[in-house]
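Heads up, the thing below is written out as C-alpha cells.
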Amino acid sequence: MFGALYGDVIGSYYEVHSTKDHDFLFMRESTFTDDSVMTAAVCRTIIDEPAEITRSGLKERAKQYAVNYKQFYSYYPHAGYGKMFSDWASERGTVRRQNSFGNGGAMRACPIGYAYNDMEQVLLQAKASCLYTHSHPEGIKGAQAVAAAVRLALDGAGKSDIRSFIAGKFGYDLSNTVNDLRPFVRFDSSAQGSVPLALIAFLDSEDYESAVRNAVSLGGDADTLACIAGGIAEAFYGEIPPHIKKFCDIRLDSTIRLTVNEFEKNFKKI
C-alpha cells in the first residue's frame with residue numbers, strides 16, 4: 001500500500017513543474033497530497049468495516065466511505081484537492097452525491113484491491129467508494145480498473161493477462177508504450193484521460209521505480225499517475241527500493257502512515 005503513497009510523494013513536485021525526463025530528480029519540496037489522504041481514508045473505511053457487501057448494500061457502504069472522506073479532509077484541508085471535491089467535503093449536514101468523472105476515485109482505489117480477494121467484490125467496493133464523489137460512469141470505471149489491476153497483480157497474473165482483462169472489461173486502449181505517448185500527454189485530471197496512462201506506466205515498467213518514473217515523466221497529472229502506477233507496481237513486484245522508502249517516509253504525516261500500517265497488517269497480500 002505504501003507504493004501508492006510513495007508515488008504520490010515523488011510525483012507531487014512534478015504536478016506543478018511538469019517534466020518529460022525519465023531521469024528526473026527526487027525533489028526535497030516533495031510532499032504527500034490529497035491522493036495519500038484519500039487513500040488513507042479508504043484504508044480507514046475498510047479497517048473499521050471490512051465485511052463484504054451485496055448490491056443491495058451498496059448505498060450504505062458508499063455512505064461509510066463518504067463519511068471518512070470528509071473526516072480525513074478535515075484533518076488535511078489544504079492537501080491540494082480540486083475545488084469540486086473541496087466544496088463537497090467541507091459542506092456540513094447531509095452528504096450529497098456529485099457526478100464527477102475526475103480521477104479522484106481512481107487515485108484512492110488501491111486498498112480495495114488489497115482487501116478483497118473476489119473480483120466481483122473488488123468491483124462492488126470500488127463502485128461504492130465513488131458513489132458520493134465520482135458517480136459518473138467514467139469515474140466509477142477508473143476506480144474499478146485500478147482496484148482490479150491491484151487484485152490481479154496480487155493473484156499472480158502476468159502483465160499480458162492484466163492488460164487483456166482491463167482492456168476487455170473497461171474498454172481502455174493499453175496498446176501503446178510510455179515512449180509512444182510521452183510527446184503528446186498534457187495535464188488531464190479526468191479518469192478517462194489519466195487512468196489508462198497510469199496503467200500503461202505500470203505495464204511498461206521493469207520494477208517499482210521505473211513504474212513511478214514512467215508515470216511522472218509522461219508530463220500529466222504526475223502525483224496521481226504515480227500514485228496509481230506505484231500502487232499497482234508494488235502489488236506486482238512486491239518490493240520498493242530502500243532509497244525510495246527513506247525519501248518518502250519522512251514526508252508522510254503520522255496519521256496517514258499509522259493508518260496504512262494498520263491496514264497492511266490486516267490485509268497485505270491476502
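Every read-out reported here was derived from the displayed coordinates using simple, explicitly stated rules and does not represent laboratory data. Predicted model only: the values in this text are computed from it and were never measured. Methodologically, a virtual Cβ is constructed for each residue, glycine included, from the backbone with ideal geometry; neighbour enumeration extends over all protein chains shown.
A few comments on the model shown:
- The string of couplings for the range 198-214 from the Karplus curve (6.51, -1.76, 1.60, θ = phi - 60°) is 5, 5, 5, 4, 6, 4, 9, 9, 10, 6, 4, 5, 5, 5, 5, 5, 4 Hz, one whole number per residue in order, with x for Gly and Pro.
- For 189, 36, order by how many other beta-carbon atoms lie within 10 Å, fewest first: 189, 36
- Residues 265, 20, sorted so that the one with the fewest Cβ neighbours within 10 Å comes first: 265, 20
- Whole-number percent relative contact order across the chain, with pairs defined as alpha carbons under 8 Å at least 6 apart: 31 percent
- Computed as a quarter of the hull surface, the mean projected area of the alpha carbon convex hull for the range 224-270 stands at 3.7 nm².
- Phi to ³J(HN,Hα) by Karplus 6.51 cos²θ - 1.76 cosθ + 1.60 over the range 174-185, Hz, x for Gly, Pro: 10, 7, 8, 9, 4, 5, 5, 8, 3, x, 10, 6
- Annotation for the range 1-57 versus the range 201-246: alpha-carbon center distance of 11 Å.
- Proximity of backbone amide H atoms, modeled 1.01 Å from N, is registered between residue 252 and no other residue at under 5 Å, excluding neighbours fewer than 5 places apart on the same chain.
- Candidate aspartates and glutamates - alpha carbon under 12 Å from residue 59, same-chain residues fewer than 8 apart omitted: none
- Rounded to whole numbers, the Karplus 3J(HN,Hα) couplings from phi for the range 233-239 are 4, 4, 4, 7, 8, x, 9 Hz, using 6.51 cos²θ - 1.76 cosθ + 1.60 with θ = phi - 60°, and x at Gly and Pro.
- By the rule of a C-alpha distance below 24 Å, with chain neighbours fewer than 8 residues away ignored, the lysines paired with residue 83 are 63, 70, 127, 141.
- Sorted on the mean count of surrounding Cβ atoms within 10 Å across their residues, most packed first, peptides 227-238, 123-134 read 227-238, 123-134.
- In this structure, the amide hydrogen of residue 102, modeled 1.01 Å from its nitrogen in the peptide plane, lies closer than 5 angstrom to those of 191, counting only residues at least 5 positions away or on a different chain.
- At most 15 other Cβ within 10 Å, DSSP loop - chymotrypsin sites (Phe, Trp or Tyr not before Pro), the range 141-219: 187
- Summing Cβ point charges (Lys, Arg +1; Asp, Glu -1) relative to the Cα centre of the range 37-134 gives a dipole of roughly 360 debye.
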